[in-house]
Structure formats: structure tokens, C-alpha cells
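The values are calculated or read from the model by the stated rules, or taken from the named source; none is laboratory data. Predicted, not measured: the structure shown is a model, and the values here were computed from it. Cβ placement follows ideal geometry from the backbone for every residue including glycine, while neighbour counts extend to all protein chains displayed. For accessibility, only protein heavy atoms count, side chains too; no ligands or nucleic acids. Shrake-Rupley method; radii C 1.70, N 1.55, O 1.52, S 1.80 Å.
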Amino acid sequence: MTDYPPALAEVLADFAFVTSRAERAELLIDWADRFKPVPSHIAVPPYPEDRRVPFCESEAFVWAHPRQDGTLQFYFAVENPQGLSAMALAAILDATLSGAPVEQVAAVSPDIVLRLFGNDISMGKGQGLMGMVSMVQAAARAFLREKEG
Amino acid sequence: MDEFVRRGYARPEVLVSTDWVASHLHDSAVRIIESNEDPLLYASGHIPGAVEVDWTTDLNDPVRRDYLTREGFETLMSRLGVTPETTLVFYGDKNNWWATYAFWVFQLFGHRNARIMDGGRLKWELEKRPLTREKPSYPPTNYRAPERDDATIRAFRDQVLAHVQAREPLVDVRSPAEYSGERLHMPDYPNEGALRGGHIPGAVNVPWSRAINPEDGTFKSANELRAIYEGEQGLRPDDDVIVYCRIGERSSHTWFVLTYLLGYQHVRNYDGSWTEWGNLVNVPIER
């Protein structure tokens, strides 16, 4: 956890104290309420397929744009209005990884999905959500490669 | 019900409308059950009086890859406060995808008095009907169930292999990209949980959601469904059909459509599906 951006480590610590499924759901719903979809100056529907998260049944899309401070700003869209889990994860990723050191973002494991959503999440759901983290991670890695290259 | 008769379904009584549910919210002979793909939805608000059945925590065996046992089902049903006479009405997100999955599992234990709310959660929300976060509480019952029937509506891998060899019809209800195998090996992304991509030989591809009107989540009419399954794919009501997807959840939706809406007599759901077939050694695969 120490290698994770501090904001993400803090959120993961919050979830580590969750003792019941209901409490976890409440926390995640609070995050979903904070979700802000990708602004129109970045993208408008229909979104390009290369931004689509594979296996995500909530039809999530991810963008990464360089910021002036050398980090990345992440944006998300969730086309399924009932995709609360995807919205919650998007809000967490934006709040904790946008502006974080890109090397740390590139090292974030998709396994954080299990720490946020619990181990009893269905395989399909887990894969979709992990796909969102993987896309963020892949964008960070590509950004680093470009910088080095 | 008249609406479902008009749509030409073989067994229209298996569906109820949102109006019907709204007028039975306080009917003690009815239990409304929400079953979702997204685990947060029920907690964020549900139909007043509705209980939740979660596929992962309620319907699966905690150790083996299998469904709950008879004893587990009895415990679940007793906790929900229902009896064999209670009318169960399932609804959920994603066009009732998980609602039909729960419905299918309940049929393994013979609870025939079960319905699906046409349009599911989407239609209920579009109609701006009430949702609540209040969890209902019902007095527990002492439900007794028969042993799980794995023979009638469920198929296992050896039966699927025999089905392939006999050239009997199979329906793969995944997306075209999953069916072709192209979605299995994307670099940097988690895979489908299967080592090989493609489909079971002889399977036709009809994505499950084609049975739905996307604007309100309701089922298409029988004529529209026949045009898809019979007109395009050549299925017939007396066929012996096996349906599958990745883990048997999307295919339970197609099982429901073929069995109840089109009146097919012999449809089985292969819940091992691609996560089993795509990992098996020495079975045929088509791409």
C-alpha cells in the first residue's frame, strides 16, 4: 500500500475498516454520488471504442490527459445510468489518481477493486471494474513510455 | 396480463407488469425480489417491500463452483419469509438479466409460482415509481424444498459434448466479439477467465439482449422473437436446445425467452459455459 498515491491509500484504509456488506454499499454509494461524467470539452457521445473499458457491462469509458504539472487527469463516462459500481470506482480513481505521480499510478494494481468492493463481487462485475483500473494503469504506462522515449 | 397475451407469448402468466406490482406492494401472498448485476443498486433504493437475492452471496455454494444445496435453498427461502405458495416476482437491472438468472436457479428447486416483472428496474424507474432504502423484514418461515433438479433445465459439459456430436442446436448468447474469440486476449486487460477463445462448435450467436426493447427493458413480442431465433437462426420449438454464455447468467435470460415466451419444450442452460469450456483440455472449439 505504501507505493500507492497517498489519497488512494487513504481511501483503501477507509474500506479496510468496513465490517458489513451494508456499510460497504453505503460508502460506495456515497462515492457514486460524487461521480462527474467526462466534460463535453474532452469528449461527447458516441464515445470512441478505443476508450471503452473491456468487459464492463456498465459501458464505462476512460480518458487520460496530461496536466501542466506533468501528471495525468483522468476522466470517465458510464453510459449505463444504473452502473453505480462503475460510477463509484470512477469517482475514487479520479479523486485519488488524477494529479498523482504517474509512476505510482502505473503501479496501481487492478486488485484494489477487491479491496474496495469486497471479495464476494461476481466475476463479471469484478472483471469490468478491474478493466477500468487496468485502463488507467495502461494510460499511465503509455505516458511514461512516451516521456522516456 | 392482456398485454402479454396480445404480444403472443406461449406462457403469458409468467410475466407481470409494473402496474401489477404497484398494486400488489402490500399483498402478503406476493414477495418481490430484486436481483441485480450491480451490487449497489438495491441498497441505493428498491421497490418498497422488495427483498434482495444476491447471486454471489445467496445463490452460490461458498466452496464448490455450484449452486446452493437444497438445505441452503430452504434456509434462503425461510429467511425471505416465503412458502411454496407465495408468488415470487423477480426484477432487476440490465433488462432483468440477473432476475432471470435467479428465476432459473429457483426453478432448479421447483418453485413454479414465480414471475418476472416486464421491463425490470429500468421501466420502474422510467415511470418514476417509488423506491426506498428501507429494508423490509418478514417473519421467517419453514420452507421445505425438493432436491435440486439438475437434469431438466441444466446441462453439464459431458452432455454438451454429446450435444455437439449429435449436431443438436446450441445458442451462444455472448457478444459477437466474445463468440469469435477476439475479446479474449487483449493485452494489458484481465481476460475472460478462460485460456482459449472462440465458441462451442455448431453454436449460433444471438446476443441475449436482442430479446429486449432497449428503450424500456421490456421483452420483444413473440413475433419479433420468432423472427430472431427461428427466422434468422432456424431454431424450432421442438428442438433440444442448449444455451450458454460466460458463466450461465446471460444465457438464463435466453433460456427464459425460449422456454416461456416462445414455448420451447426442452431448453437447458449450460452454466459451466465458456469459463469451463474454454479451459477444458481436448474439447473442440470453433473460431
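Couple of notes before you dig in:
- Potential lengthening of the chain between residue B:3 and residue B:150 amounts to 49.6 nm, from the contour at 0.36 nm per residue minus the alpha-carbon distance.
- Rounded to the nearest 0.05, the FRET efficiency derived from the C-beta distance between residue B:180 and residue A:119 at R0 = 30 Å is 0.40.
- Surface composition of the protein assembly as shown: carbon and sulfur make up 50 percent of the accessible area, probe 1.4 Å.
- Beta bridges by DSSP in chain B, antiparallel share as percent, to the nearest 5: 15
- Within straight-line cross-link reach of residue A:36, lysines at Cα separation under 28 Å, skipping those fewer than 8 residues along the same chain: A:125, B:94, B:123, B:128
- Across the stretch B:1-74 the C-alpha pair distances fall into 5 Å bins from zero in the proportions 3, 13, 17, 16, 18, 17, 11, 4, 1, 0 percent.
- Computed accessible area, residue B:116, all protein chains, 1.4 angstrom probe, square angstrom: 0
- √(5λ) per eigenvalue of the Cα gyration tensor, the stretch B:157-277, largest first, Å: 24, 18, 11
- Over chain B, the hull volume per residue, using the convex hull of the C-alpha atoms, is 135 Å³.
- The residues of the stretch B:21-56 occluded by other protein chains by 30 Å² or more of accessible area, set against the chain on its own, are B:37, B:38, B:39, B:40, B:41, B:43, B:56; surface from heavy atoms, 1.4 Å probe.
- Cα centroid separation, the stretch A:1-61 to the stretch A:81-149 (Å): 8
- Rounded to the nearest 5, the antiparallel percentage of DSSP beta bridges internal to the protein assembly as shown is 35%.
- Longest segment of chain A lacking trypsin sites (Lys or Arg not before Pro) that sit in a DSSP loop with at most 15 other Cβ atoms within 10 Å: A:68-149
- Chains B and A together bury roughly 2600 Å² of accessible surface, counting both sides and using a 1.4 Å probe on protein heavy atoms.
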